[in-house]
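Here the structure comes first, spelled out in structure tokens, and everything after it is commentary.
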Amino acid sequence: MQSKLFNWFKFSSPATFYPLAGSIARFSWLITLALLAVGLYMSFFVAPTDYKQGEGYRIIFIHVPASWMSMFTYLVMAFWSILGLMYNTRLSSMMTQALAPTGAMFAFVSLWTGAFWGKPMWGTWWVWDARITSELILLFLYLGYIALHGAIDDKRRADKAGAILILVGVVNIPIIYYSVEWWNTLHQGATIKMNDKSTMDETMKITMLIMTFGCWAYTIAIAMQRVRNIILEREHGAQWVRELIGEKA
Amino acid sequence: MKARHQRLSLIVIGLAILGLATYLVLNALEGNLSYFFSPSQVHNGEAPKDHVFRLGGMVEKGSVKRAEGDLTVNFVVTDNNKTMAVAYTGILPDLFEEGQGVIAQGKLNADNVFIADEVLAKHDENYMPPEVAAAMQAGKEAAAK
């Protein structure tokens, strides 16, 4: 074990992770600002008008990254949940807890912007088709996790209960992703395909990817900041936290 | 076996069972999760009779007829196999046009015409600037000649 070049387990301790999270957060904020500035400028001024939808299609530059992030964040939470259950590490559970509000926000943004796009394009704000309904369930899973975790006073038990809820909900992710292929839905199929040529103009695609990486960096930055607060809150009895707070007070 | 391996196998088995259960449920629900029926399915009698359902397909080129004086529109929905006549009174969404996907909600009348009380446009997954769309259209017409 110890012959490894780099000992990852060193950072599974909240005390050593706390300063590292701080530097990751600062670095990620810089990337977020840069990418979102470029991405938003391209979204509004560089990307060409769509041949059918006109300017209204530009909402995809926030809708699609938000939807992707809402699904991806959930997978990352499931990853930390498995680590938490397996190794009983406190930090894994703290990471799950730190990601949840951001995932919920992205799920909400995805549904909200989708409704704004749906009204002029489809002619309706909302329909109960498979894609949209499963995304709504994802939002409820996030909210359910936050509520469950908050409702249990013993944080170690809350971590376990939350991790199990997250793992049960993970079946929803492939359902969201493949819903447009498995069933007839009002929602259109995937434009960006993993193993096929995507059906989108290059500039539009690049803009969307820049926005996606921007949202990605944002998620890392905000989750790292949040995990620092969670560490301080939950480790408040520890010597190093007292020293840290004592220094600043 | 270490305790953490035991826990990991428990998680893996749990997820596998959960995945299998979900698969079976989705398999059983199959058709019920579809948002609409295609004209072929309606012709095969898969759509409910005397009952509201949704019909989806493409608006056939040259089939849209607007009535004089009111908002009634008649058009034909096709899936390139079977077709279905639709009548609708009301305001159509912006993206509604011939050759474009559409989903109508309503029921069949005695003459086998689908009387819609809601029409939604179904967008496809293609995004491109108008110049490209025009060039592609021109290319298609040249190829057809």
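A few points about this structure:
- In sequence order, segment B:54-59 has phi-based couplings of 10, 10, x, x, 9, 6 Hz under the Karplus curve 6.51 cos²θ - 1.76 cosθ + 1.60, θ = phi - 60°, and Gly or Pro positions carry x.
- Neighbourhood charge, 15 Å Cβ-Cβ cut-off, centred on A:Phe106 and excluding it, Lys, Arg +1 and Asp, Glu -1: 0
- Secondary-structure-derived ellipticity at 222 nm for chain B, considering helices only, amounts to -10500 deg cm²/dmol, per-run term -39500 (n - 2.57) for DSSP H runs with n ≥ 4.
- Separation in nanometres of the label points that stand 7 Å from Cα toward Cβ, at B:Met136 and A:Leu244: 5.3
- Per DSSP, loop trypsin sites (Lys or Arg not before Pro) in segment A:163-228 with at most 10 further Cβ within 10 Å: A:Lys197
- Taking every DSSP helix (H) stretch of at least 4 residues in chain A, weighting each as -39,500 (n - 2.57) and dividing the sum by the residue count yields a mean residue ellipticity at 222 nm of -25000 deg cm²/dmol.
- Sites B:Ala21 and A:Trp128 - FRET efficiency at Förster radius 30 Å, r taken between beta-carbons, to 0.05: 0.85
- Shape category assigned to segment B:36-144 from the gyration tensor of Cα positions, a/c cut at 1.5: prolate
- Peptide A:50-57, shielding by other chains (average Cβ, 10 Å cutoff): 5
- Net length available on complete extension from A:Ala147 to A:Lys119 is 6.9 nm, with 0.36 nm assigned per residue and the Cα-Cα distance removed.
- With neighbours defined as other Cβ atoms within 10 Å of a residue's Cβ, the residues A:Ile164, A:Ile173 order from fewest to most as A:Ile164, A:Ile173.
- Cα gyration tensor shape for chain A, rounded if a/c is under 1.5, else prolate or oblate: prolate
- Partner chain coverage, peptide B:124-135 - average Cβ within 10 angstrom: 6
- Of the trypsin sites (Lys or Arg not before Pro) found in segment A:46-105, no site is in coil according to DSSP while having at most 12 other Cβ atoms within 10 Å of its Cβ.
- Label positions at B:Asp111 and A:Phe44, each projected 7 Å from the Cα along the C-beta direction, are separated by 5.3 nm.
- The C-alpha atoms of chain A define a longest principal axis, and helix A:239-248 lies at about 70 degrees to it.
- Listed residues A:Phe140, A:Met200, A:Thr49: farthest to the positive end of the dipole of chain A (Cβ charges): A:Phe140
- Amide H within-cut-off set for B:Glu118, under 5 Å, with H built and near neighbours excluded: B:Gln105
- In Hz, Karplus ³J(HN,Hα) per residue of segment B:108-113 (6.51, -1.76, 1.60; θ = phi - 60°; x = Gly, Pro): 7, 9, 4, 8, 6, 9
- Crossing angle, helix A:130-151 versus chain A [Cα axis fit, 0-90 degrees, rounded to tens]: 20
FYI, it's all coordinate maths here, none of it is from the lab. On a predicted model such as this, the values are computed, not experimentally measured, just so you know. Note that we place each Cβ from the backbone using ideal geometry, even for glycine, and neighbour counts take in every protein chain shown.
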